[in-house]
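Student: The structure is given below, and queries will be raised subsequently.
None of the figures in this text is laboratory data; all of them are computed from the coordinates on show. As the structure is a prediction and not an experimental result, all values here were calculated from the model. Every residue, glycine as well, gets a Cβ built from its backbone with ideal geometry; the counts of neighbours run over all protein chains shown.
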Amino acid sequence: MRKILACLFIWMVLFLTGCNMNIPNQNDQEPITLYKVVLVYDEEKTETIETEGEINLPKPVKENHVFMGWYKGDELFEETTVNKHIRLTAKWLEIGTKFNVFYDLDGGELPSEWLRYYYFGEEATLPVPVKKYNEFLGWYKDEEFTDGPYTVISASEYGNKLYYAKYQDNAPYKNISYELNGGTLSNVTDKYIAGEVQRLSFPKKDGYYFKGWYLNDDFSGEAISFIPNTFNDDITLYAKWVERTLENATVSVYGDSISTFEGYLPEGFAYYYPQTTLDVKTVGDTWWYKLYQNNNLNIVINNSISGTGVLNAGGMSGYQGLSQKRIDLLINDNVPVNMVIIYLGINDCKIGTDTLTFKRNYKEMIKMMYDTLGDVDIIVCTLGAATFSYNNCYDLRIEYNSAIRELSNELNFYLAEIDKVITDENKDIYMANMLHPNKMGMDAIYNEVMNSIDLNIGA
């Protein structure tokens, strides 16, 4: 047994000594350490080097490829020498490899033929963008315009590229001065470009409605909401105000088929009313016209399109509720609107828009209105009962109304709670068909809207 244990001990010593690769020299000095360096050139070639000191890493060559360096795993090994156990893999880039090119144009436009991608090993010329009233100064690799300018991608470059366009603004600017007459104005624009149409921001003043910008301090002439393309001089704008009363309010309607009537909409807008089979025969039967008829409210425009919603354009591309083009139409003939009444959303049920998306985009629509119209009163109608069953519309309508109520508190608009007037229990009384109200339904909507106006604005 003692002989066996002695043999095992000797074997373990020899094994451990061999693992460390420490070999005594002939002069019985300190042992020499051997290191094993494994170099993987490619799938076909691997080299193992044993060394007692540092070795210089080679720079291999491969046909039709460029050597990119030695990598330890996924990380570049930046040293040029090694003196330790290590496994390194050569990284190659094949000449002719295709990479994408992206551009931050900052409002510019690329020519019809432009560089979308380039090939490693070949020089590529960058396109020249065009931006109105601007001179192009070159492409840069950073937003701060410190790395550049570049006109070409050199043959030695590789990887996807993102370039930032730098310009010099040479637009013919003219100055704008404001006489606010006690009001305040955010997002002040103190310049305009001669020859270009420019929308003006609207000011606000507590207890007053804004009635337009005038070019004369006595408010003679016509009010403007846009600077026309005929202006070519510095201008001063004078703000006109009237007391915030219903008699002084200008109103615009923003809705879908429920709020339409032939001949009372912008040209080309799709309408639903009148229908020969329904009792809503004249414009005087509609809820929105009754606002003008019974209260002498000044209707600036009925911006309603049949079939549309917040996200649904109803076959009229670009005219969904969340559309700057459509919101701009709330200002008609340069008359600033003081009140917007919104009855929109039931057609979003029809396309199955989820509640979170509906709420997010409804919020954005309201914010766009405030940005465009200034200190405007907004009244939002909740969605009354409907009987069509697209995409689980019943449940969506309930959820939409909850979302609208939440947004009312957040964004400071008023509610006309139509869903409490036209309910699932009484819809057969107020609805002519699955979606559209009859005369009694129109009266019910009008009364609820007027109640909201009286409560929130009239008082």
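Student: If you wrap a convex hull around the alpha carbons of region 98-169, what volume per residue comes out, as a whole number of Å³?
Tutor: 77 Å³
Student: Cα gyration tensor of region 246-458, axes a ≥ b ≥ c as square roots of the eigenvalues: rounded (a/c below 1.5), prolate (a/b > b/c) or oblate? Display every interim value, and only then the final one.
Tutor: Numbers: a/c = 1.26, a/b = 1.08, b/c = 1.17.
Rounded.
Student: Would you list which aspartates and glutamates come within 16 Å of residue 84, measuring only between C-alpha atoms, while excluding same-chain residues fewer than 8 positions from it?
Tutor: Cross-link targets: 47, 50, 52, 54.
Student: Let me ask you something else. Specify the angular offset, from 0 to 90 degrees and rounded to the nearest 10, of the alpha carbon long axis of helix 355-373 from the longest principal axis of the alpha carbons in the chain.
Tutor: It is inclined by approximately 60 degrees.
Student: Continuing with this model, one more query. How are the C-alpha pair distances of region 72-136 spread across 10 Å bins, as whole percents from the shortest bin up?
Tutor: 15, 29, 21, 17, 13, 5, 0
Student: List the pairs from 211/290; 204/325; 132/166; 91/141 whose alpha-carbon separation is above 18 Å, in the order I gave them.
Tutor: Beyond 18 Å: 211/290; 204/325; 91/141.
Student: Okay, moving on. Contour minus end-to-end for residue 201 and residue 154, with contour as 0.36 nm per residue of separation and end-to-end as the Cα-Cα distance?
Tutor: 12.2 nm
Student: Under a plain spin-label model, where a point goes 7 Å from the Cα along Cα-to-Cβ, how far apart in nm are residue 440 and residue 411?
Tutor: Using points 7 Å along Cα→Cβ, the separation is 3.4 nm.
Student: Moving to a separate point now. Sorted by mean Cβ packing within 10 Å, highest first, what order do the peptides 152-165, 305-318 take?
Tutor: Taking the mean over residues of other Cβ atoms within 10 Å, the ranking is 305-318, 152-165.
Student: Pop the C-beta distance of residue 217 and residue 135 into the FRET formula with R0 = 45 Å and round what comes out to the nearest 0.05.
Tutor: 0.70
Student: Using only Cα atoms and rounding to the nearest 10 degrees, what angle (0 to 90) does helix 2-19 make with the longest principal axis of the chain?
Tutor: The helix 2-19 is inclined about 60 degrees to the chain.
Student: Once you compute Rg and the Kirkwood Rh from C-alpha atoms, what is the Rg to Rh ratio for region 221-350?
Tutor: 1.02
Student: For residue 95, project a label point 7 Å along Cα to C-beta. Then give me every residue of region 53-70 with its amide nitrogen under 20 Å of that point.
Tutor: Inside the label zone: 59-69.
Student: Quick one: net charge of residue 100's neighbours, Cβ under 10 Å, K/R +1, D/E -1? If you can, show how the numbers build up before the last one.
Tutor: Values: positive: 98, 116, 161; negative: none.
Summing Lys and Arg as +1 and Asp and Glu as -1 gives +3.
Student: In Å and on Cα atoms, what radius of gyration and Dmax does the chain show?
Tutor: 37.0, 122
Student: Now for a different question. Along the charge dipole of region 301-362, pointing to its positive end and built from +1/-1 on Cβ of Lys, Arg, Asp and Glu, which listed residue (334, 356, 307) has its Cα farthest out?
Tutor: The one lying farthest along the dipole's positive direction is 356.
Student: On to the next question. What number in nm² do you get for region 183-243 if you take the convex hull of its Cα atoms and divide its surface by four?
Tutor: 4.2 nm²
Student: While we're here: Counting DSSP beta bridges with both partners in the chain, what percentage is antiparallel, nearest 5?
Tutor: So the antiparallel bridges amount to about 60 percent of the total.
Student: Under a 5 Å amide H to amide H cut-off, with H placed in plane at 1.01 Å, what residues pair with residue 166 once short-range neighbours are removed?
Tutor: The answer is 137, 138, 140.
Student: Taking amide hydrogens as modeled 1.01 Å from N in the peptide plane, which residues meet the under 5 Å criterion relative to residue 82, leaving out close sequence neighbours?
Tutor: Counting only residues 5 or more places away or on other chains, the set is 55, 57.
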